[in-house]
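Colleague: Next up is a structure, given as structure tokens.
Bear in mind that the values in this text are calculations on the coordinates, not laboratory data. Every value quoted in this text rests on a predicted model; they were computed, and no experiment measured them. In this analysis, Cβ positions are derived from the backbone assuming ideal geometry, glycine residues included, and neighbour counts consider all displayed protein chains.
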Amino acid sequence: MSHKISPFNAMLSYMGRIDSYEGLPRFFFPATSVTVRFKGTSVSAVIKSHRMYSETALGIVLDGRVFKIPYEQQDEEITVTIAEGLEYKEHELTLYKAQAGSCWFEFGGFIFSDDTELLPRKELSSRRIECYGDSVSAGEVVHALDCVGSGDPEDHGGIYDDAWYAFPFITARNLGAQLHDIAQGGISIFDRTGWFHCPETIGMESVYDKVAFYPEAEGGVTKWDFSKYIPDVVLFAVGQNDPHVEGGEDNDINDPAFRAKWKKRYTEILLDLRGHYPNAVFILLLTVLGHSHDWDDVLDEIVEELGDDKTVHYRFARAGEATPGHPRIPEQYEMAEELTAFISAMGDGIWSEREE
């Protein structure tokens, strides 16, 4: 026998930007999660997934063990078995969105063995981080461990993606913080640039203030209410994909007209976020994925021109030089350890005191 609990059960803890459609929470961004603590012998999750491209899989952390569960069914409610035959003792389960926008899903609750006892909900940390980034921030292709320091495997199709091992999520765990990871593979600042198609090419300028950012999603695009989550630290890691123009010549950051245009729009987004988060530390960065250092130099210019002592540029030791392919798990940890040390050096005063 088994019994199902509602996704709105008070014993569940959610993290990440979430909205709802027809009464169910929807997960769009990587690292969005729900956690439950229980005594019981089996657990499954009820979801309705919608695939845009690539493999689909749930990210799972059960009693500290991290793994993914692939599934094929789309656009119908399914039950995904997470564990059976567990010892009857206390367990902690986190279900997280492992991928970026290759899919989104509605979460319909958990199904437990009939003898299950739900335990008090896990309280979320009062420390809060938010990240705006691309495929590196989303943890794409991190499990391709045979390709450390080299290009990506052909036709990987998402099987190597895992937000758990993305540097923002690792950094957040290192610092004991929550994370909202507004990351999407291929994204740039501007619409009609970069590599992210949905089906038109859109940029962070059309995504940063959304929950549902796919026009094809049921209910269409939905706006995010920034008052729901006020971060202490904002990571802004966009710029890697900005040279690319579909069907046209690449953007050149050393072209004065484009440089001015790009800096203006980048800064406009920062200032809008600053309006929502007046006390947050903003850290501008690019990753260790290969890119021209001219783009890092532009971030220095933006910081200088803003003249805001709470907005800084962090340049990784191997920024733009570590790999021509996506950073794998070791390189993601390399970035996370550097960033953890950088943020820690700012002192505990950067974290707001709040009750969750």
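Colleague: So which of K4/K223; K264/K310; K4/K48 end up more than 22 Å apart, counting from Cα to Cα?
Modeller: Violating the 22 Å limit, Cα to Cα: K4/K223.
Colleague: Counting only C-alpha contacts under 8 Å and six or more residues apart, can you give the relative contact order of the chain as a whole percent?
Modeller: Value for the chain: 18 percent.
Colleague: Continuing with this model, one more query. For segment 72-212, restrict the atom set to alpha-carbon positions and state the Rg and Dmax in Å.
Modeller: Spelled out, the Cα radius of gyration and Dmax of segment 72-212 are 17.8, 53 Å.
Colleague: Another question, then. Which cross-chain or sequence-distant (5 or more) residues have an amide H under 5 Å from the amide H of Y21, H modelled 1.01 Å from N in plane?
Modeller: Sorted by chain and number, the residues that satisfy this are R26.
Colleague: So, one more: Report the Cα centroid-to-centroid distance between segment 25-72 and segment 96-174 in angstrom, as an integer.
Modeller: 9 Å
Colleague: Right, here's the next one. Pop a pseudo-label 7 angstrom from the Cα along the beta-carbon direction at both F226 and D272 and give the gap in nm to one decimal.
Modeller: 0.9 nm
Colleague: Still on this structure: Using the Cα centre of segment 2-118 as the reference point, and only Cβ charges (+1 on K/R, -1 on D/E), how large is the resulting charge dipole? Debye, rounded to the nearest 20.
Modeller: It works out to roughly 380 debye.
Colleague: What list of ³J(HN,Hα) couplings, whole Hz, do you get for segment 234-251 from phi and the Karplus terms 6.51, -1.76, 1.60, once you set θ to phi - 60° and write x for glycine and proline?
Modeller: 10, 9, 10, 10, 10, x, 4, 9, 5, x, 6, 10, 4, x, x, 6, 4, 6
Colleague: Using the Karplus curve 6.51 cos²θ - 1.76 cosθ + 1.60 with θ = phi - 60°, work out ³J(HN,Hα) for each residue of segment 159-167 in order, rounded to whole Hz, and write x for Gly and Pro.
Modeller: 5, 9, 7, 6, 4, 4, 9, 7, 4
Colleague: What chymotrypsin sites (Phe, Trp or Tyr not before Pro) in segment 108-208 are in a loop by DSSP, with at most 15 other Cβ atoms within 10 Å of the Cβ?
Modeller: none
Colleague: Quick check: the angle from helix 256-276's long axis to the longest principal axis of the chain, C-alpha only, nearest 10 degrees?
Modeller: Roughly 40 degrees between the two axes.
Colleague: Here's another thing I want to ask about it. Taking the mean number of other Cβ atoms within 10 Å as a proxy for protection, how do you rank 9-19, 322-332 from highest to lowest?
Modeller: Highest-to-lowest ranking by the protection proxy: 322-332, 9-19.
Colleague: Among 274-280, 246-252, 119-125, how do they line up by average Cβ neighbours within 10 Å per residue, starting with the highest?
Modeller: So the order, starting with the most tightly packed, is 274-280, 119-125, 246-252.
Colleague: Taking the Cβ of W164 as the center, what net charge do the other residues with Cβ under 14 Å away carry, scoring Lys and Arg +1 and Asp and Glu -1?
Modeller: +1
Colleague: For segment 2-118, what D do you get in µm² per second when you plug the Kirkwood radius from alpha-carbon pairs into Stokes-Einstein at 20 °C and 1.002 mPa s?
Modeller: Translational D for this selection: 151 µm²/s.
Colleague: A further question follows. Considering the Cα positions of segment 128-350, please state its Rg to one decimal place and its Dmax as a whole number of Å.
Modeller: Rg and Dmax of segment 128-350, Cα atoms, are 16.6, 48 Å.
Colleague: Follow-up question, since we're still on this one. In segment 136-200, what GluC sites (Glu not before Pro) fall in a loop by DSSP, with at most 14 other Cβ atoms inside 10 Å?
Modeller: Filter output for segment 136-200: E154, E200.
Colleague: A follow-up question, please. Find the all-direction average of the projected area of the Cα convex hull for segment 147-232, expressing the result in square nanometres with one decimal place.
Modeller: 7.7 nm²
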